[in-house]
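Here it is, the structure in full.
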Amino acid sequence: MKQRSRLIFFEAIKDHRLAFLVLLLLILCPVVVAKAHAQAGLNAICAGIDNSYECAQAIERHQLQKPELASAAIRAGASLRLQLRNGRSLSVKDFQKRGDEASVVKYSFRGYLRDIGYFLLHRQFYEGDDYLMIQDSTGRKFELQDLPVVSPDKLRVVTASDGISGGYNANAVQIWRLSRRGMVLEQTIAPKGWGPSDAEWTDSLTIRVMKSLPVTGESEAPKGTATLRFRGRWQLEVPPKN
């Protein structure tokens with residue numbers, strides 16, 4: 001009888017632990033999903049804005065109004081000052097050589113990715129744009145072809161840059177590994193005949209991207225998807241055409 005009571009007691013403990021773990025997952029999952037989509041969600045601020053720099057500036061104004069970012073980044077005219085974790089600050093300044101429009105470089109604050117330790121800036125050129133990630137512990141700068149998306153395990157970021165139509169930006173998918181010393185470019189995949197965009201991690205070793213085909217005239221580019229899987233190296237899987 002005592003043995004049976006003990007078994008019932010331990011089973012009850014297991015049930016409570018299981019219920020607690022399920023509850024914890026239900027609480028944390030929306031937070032993880034929200035963080036994963038936070039950067040992409042900022043683009044909604046640009047509804048009705050066609051100019052990439054005006055969009056980036058609208059996002060900067062929105063972000064710098066947040067109390068939690070007030071001490072991380074400060075805009076002062078053409079300069080943007082970032083506060084590093086070692087107590088020092090780092091500034092980037094908009095640049096344009098007098099009389100040379102093609103020399104323009106303008107920076108806009110996009111966000112502070114505290115969980116991986118990087119500031120994220122948009123960088124506008126006369127034609128085309130890209131992104132800059134700055135490590136908050138060292139101030140090291142890393143140039144990215146498009147908006148980075150962090151993997152679920154926070155060990156990598158991916159960018160998908162569609163340059164098939166405009167021709168001003170790169171046309172490639174890049175995967176970067178995150179380390180204490182900074183970002184290491186793990187692999188670049190440049191598809192032929194279509195442009196990648198809207199990268200999304202389906203798990204920590206699988207990436208899905210939208211694929212756009214070039215079009216002529218004013219019709220909208222046909223869309224599809226492609227998948228990248230890590231098997232020692234990243235391999236591109238493109239569904240066969242119907």
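Which of K66/K211; K66/K192; K106/K192 have a Cα-Cα distance over 32 Å?
Details: K66/K211 34 Å; K66/K192 41 Å; K106/K192 30 Å.
Those over the limit are K66/K211; K66/K192.
Give the carbon-plus-sulfur fraction of the accessible surface of the stretch 127-210 in %, rounded to a whole number; probe 1.4 Å, heavy atoms of protein chains only.
On the way: 1730 of 3770 Å².
Answer for the stretch 127-210: carbon and sulfur cover 46 percent of the accessible area.
Hey, another quick one. Give the aspartates and glutamates whose C-alpha is closer than 19 Å to that of K154, dropping any in the same chain fewer than 8 places away, or say none.
The reachable aspartates and glutamates, counting only those whose Cα sits under 19 Å from K154, are D115, D136, E143, D146, E186, D198, E200, D203.
The values are calculated or read from the model by the stated rules, or taken from the named source; none is laboratory data. None of the values given here were measured: they were computed from a predicted structure. What goes into the accessible areas is simple: the full protein's heavy atoms, side chains included, and nothing from ligands, DNA or RNA. Shrake-Rupley method; radii C 1.70, N 1.55, O 1.52, S 1.80 Å.
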